[in-house]
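Chemist: Quick one: the structure is below, and I'll ask about it shortly.
The values are calculated or read from the model by the stated rules, or taken from the named source; none is laboratory data. Note that this is a predicted model, so its numbers are computed, not measured. Here the Cβ positions follow ideal geometry from the backbone for every residue, glycine too, while neighbour counts run over all protein chains shown. The accessibility values were calculated without ligands, DNA or RNA, using every heavy atom of the protein model including side chains. Shrake-Rupley method; radii C 1.70, N 1.55, O 1.52, S 1.80 Å.
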Amino acid sequence: MRAIVLEKTGKPEVLKVKDVPTPDITNQDELIVKLSYAGVNYADILSRKGQYSWAPKRPYVPGLEGYGIIEKVGNNVKNYHPGDKVIVVARNGTYAEYIKVTEEQIIPAVDFFSPEQNAAFAASYMTSMVGLYQMARVRPREKILVQAAAGALGIATVQLAKAMGLKVAGTASRPEKISFLKEKLEIDLAINYVEKDFRKEIMQWTNNRGVDVVLESVGGKVFKNSIDCLSPMGRIVVVGATSINYSFLNPFSLIKAWRDIPRINVIKMIRNSYGVLGLHLGWLFTKDKEELMPIKDQLLKIIKNNKIAPVIDTIFPLEKIAEAHRRIETRKNIGKIIIKIG
Ligand SMILES: NC(=O)c1ccc[n+]([C@@H]2O[C@H](COP(=O)([O-])OP(=O)(O)OC[C@H]3O[C@@H](n4cnc5c(N)ncnc54)[C@H](OP(=O)(O)O)[C@@H]3O)[C@@H](O)[C@H]2O)c1
C-alpha cells in the first residue's frame, strides 16, 4: 500500500510516499480500515520535528485521525462489520491507504458529514467538547476567549461555544483570519494579537472582570497573558503550546522553549481563585474511551441542532503532504487541512 513513512525528523520534505506492506489481522480483536481521508493536525508537525512526546519510535506512519470503510474484522470484534464507515483516532498511522486498529480506536462516522468532514472531526471537535463541556463546565452567557481562533481547533471551539450560548472572543494573527472570524463565524470580538494587546481588549470587553473561560493552545506570552484575562473563578483549558519550537542543535532554542513552556503558580491560582485544566484527547481515547462516548453523543446533538460543520481549508493529495505541513507551519490555514488518500 501507499503510505507516508517518517524515517528521520526534519523539514516537511522528509515526508515521502513509500510502498509498504498492507497490514493484515494478526489478532482477532483487530480490524482493517481502508482510509480515504486523513486530518492533518498540529501534533503531526511536532511529530515530524521529533518534538511530540506521544509519538511512537521511528520509523512510523504519522497521522492521528482519518475516515474510511472497514475492510476486514477479526472474530472477536463485536460492534463493527465490513462496510461500516468509521472515524479513526490513533496514535499514528492514518497517512496510509490502510490501517490496523482495535475497536477502541474507531467511532462510527457522522452520517450527516461528508467523508472529508468526518476526517476533520475528532481531534478538533472532541477536544473542544471535552474541554468546554466536561472540564470547564461552561454555562450559557459566560464569556470565553479562544486563542488561535481561526485554526482547526479554534474554529471548532468558537462554533461550539456559540452554540452553547457563550459570548465568544477570539485571537488570530492575520487580517484575513480576523475577517473570517467576524464574517463567517460571527464571533462577538475578534482580536489581532500580533497588532494589539489582547489583555486590554478583553478587559474592555468584560468591563474589567475578565473572561470565565480561556481555551489556550499557543503557550509562551500568550499563555501568561491569558491567565491575566481570567475572571475570579475563571478556568483556563490548556491543550497545547503551538508557538514553542526548538532544535537540539541550537541551545538558544532550548533555553527559549524552556522559558516559554506553560507553567502554573499554584499560590497565584489560590490568591486569584482560578483553575488551570490540561487536556489530551489521544490519551483519553486510550485510557477512558467509554467515558468519552456520551460526551460525543452530546456533541453530535449540538452539532446537528446548530448545523455546525467542520471548516476545511485545503484538501491535498497524499503526494503533497509536505505542502500540507508547510501551510500549517506558516500559519496560513483557516480551519483543517485534509489529505486525500484514495
Ligand atoms: N490536547 C489535545 O488533545 C489537542 C487536540 C487538538 C489540538 N491540540 C493543540 O491545539 C493547537 C491547535 O491545533 P490545530 O491542529 O487546530 O492547529 P492549526 O489549525 O494549525 O492551528 C494552530 C494555530 O496556532 C497559531 N499559532 C500561534 N503561534 C504559532 C506558531 N509559532 N506556529 C504555528 N502556528 C501558531 C496559528 O494561528 P494564528 O496565526 O492566528 O496565530 C495557527 O493557525 C495545537 O497546539 C495542538 O497541538 C491539542
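Chemist: Name the single residue, out of those in the range 192-213 being under 24 Å from Met129 (Cβ atoms) and in contact with an Asp or Glu (Cβ under 7 Å, 6 or more places away or on another chain), that is farthest from the ligand (Cβ to nearest atom).
Modeler: The selected residue is Asp212.
Chemist: What residue, of Lys34, Lys8, is assigned to a loop (DSSP other than H, G, I, E, B) and in the same structural domain as Glu104 (by TED's automatic domain parsing)? Let's see the steps before the verdict.
Modeler: Values: Lys34 fails: assigned to a loop (DSSP other than H, G, I, E, B).
Only one candidate qualifies: Lys8.
Chemist: Quick one: is Ser173 open to solvent by 20 Å² or more (accessible area, probe 1.4 Å), near the ligand (Cβ under 10 Å from one of its atoms) and either of a type in the set (S, T, N, Q) or not assigned by TED's automatic domain parsing to the domain that holds Gly154 (or both)? Talk me through it step by step, then tell me what you get.
Modeler: On the way: open to solvent by 20 Å² or more (accessible area, probe 1.4 Å): yes; near the ligand (Cβ under 10 Å from one of its atoms): yes; either of a type in the set (S, T, N, Q) or not assigned by TED's automatic domain parsing to the domain that holds Gly154 (or both): yes.
For Ser173, the condition - open to solvent by 20 Å² or more (accessible area, probe 1.4 Å), near the ligand (Cβ under 10 Å from one of its atoms) and either of a type in the set (S, T, N, Q) or not assigned by TED's automatic domain parsing to the domain that holds Gly154 (or both) - is met.
Chemist: So how many residues does the range 211-245 have that are basic (Lys, Arg) and surrounded by 22 or more Cβ atoms within 10 Å (Cβ to Cβ)?
Modeler: Looking only at that region, the number is 1.
Chemist: Do you know which of the residues in the range 176-210 that are touching a Ser or Thr at 6+ places or on another chain (Cβ under 6 Å) and not in a helix (DSSP H, G or I) is most open to solvent (accessible area, probe 1.4 Å)?
Modeler: Arg209
Chemist: Just the residues that are closer than 16 Å to Ser53 by Cα, away from the ligand (no atom under 14 Å from the Cβ) and modelled with pLDDT of 90 or more, please, taken from the range 243-262.
Modeler: Answer for the range 243-262, where residues must be closer than 16 Å to Ser53 by Cα, away from the ligand (no atom under 14 Å from the Cβ) and modelled with pLDDT of 90 or more: Leu254, Trp258.
Let's see how each residue does on (1) open to solvent by less than 70 Å² (accessible area, probe 1.4 Å); (2) in contact with an Asp or Glu (Cβ under 8 Å, 6 or more places away or on another chain); (3) of a type in the set (Val, Ile, Thr); (4) not in a loop (DSSP other than H, G, I, E, B):
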site: Lys18; (1), (2), (3), (4): no, no, no, yes
site: Gln28; (1), (2), (3), (4): no, no, no, no
site: Ala38; (1), (2), (3), (4): yes, yes, no, yes
site: Asp44; (1), (2), (3), (4): yes, no, no, yes
site: Gly50; (1), (2), (3), (4): yes, no, no, no
site: Arg58; (1), (2), (3), (4): no, yes, no, no
site: Gly68; (1), (2), (3), (4): yes, no, no, yes
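Chemist: Can you name the helices (runs of 4 or more DSSP H) wholly within the range 263-342 that have at least 3 residues being open to solvent by less than 40 Å² (accessible area, probe 1.4 Å) and modelled with pLDDT of 95 or more?
Modeler: The qualifying helices (runs of 4 or more DSSP H) are 281-305, 321-329.
Here is a yes/no grid of residues against (1) more than 17 Å from the chain's Cα centre (by Cα); (2) hydrophobic (A, V, I, L, M, F, W, C); (3) open to solvent by 50 Å² or more (accessible area, probe 1.4 Å):
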{"residue": "Lys78", "(1), (2), (3)": "yes, no, yes"}
{"residue": "Gly83", "(1), (2), (3)": "yes, no, no"}
{"residue": "Ala90", "(1), (2), (3)": "no, yes, no"}
{"residue": "Asp111", "(1), (2), (3)": "yes, no, yes"}
{"residue": "Ser114", "(1), (2), (3)": "yes, no, no"}
{"residue": "Ser124", "(1), (2), (3)": "no, no, no"}
{"residue": "Val130", "(1), (2), (3)": "no, yes, no"}
{"residue": "Met135", "(1), (2), (3)": "no, yes, yes"}
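Chemist: What number of residues within the range 156-175 satisfy the criterion of being farther than 24 Å from Ser273 by Cβ, touching a Ser or Thr at 6+ places or on another chain (Cβ under 9 Å), in a helix (DSSP H, G or I) and among the small types (Gly, Ala, Ser)?
Modeler: Count: 1.
Each row is one residue, and each column tells you yes or no for (1) touching a helix residue (DSSP H, G or I) at 6+ places or on another chain (Cβ under 9 Å); (2) away from the ligand (no atom under 15 Å from the Cβ); (3) in contact (Cβ under 8 Å) with a residue 40 or more places away in the chain.
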residue	(1), (2), (3)
Thr94	yes, no, yes
Tyr98	no, yes, yes
Ala119	no, no, yes
Tyr125	yes, no, yes
Leu132	yes, no, yes
Val146	yes, no, yes
Gly154	yes, no, yes
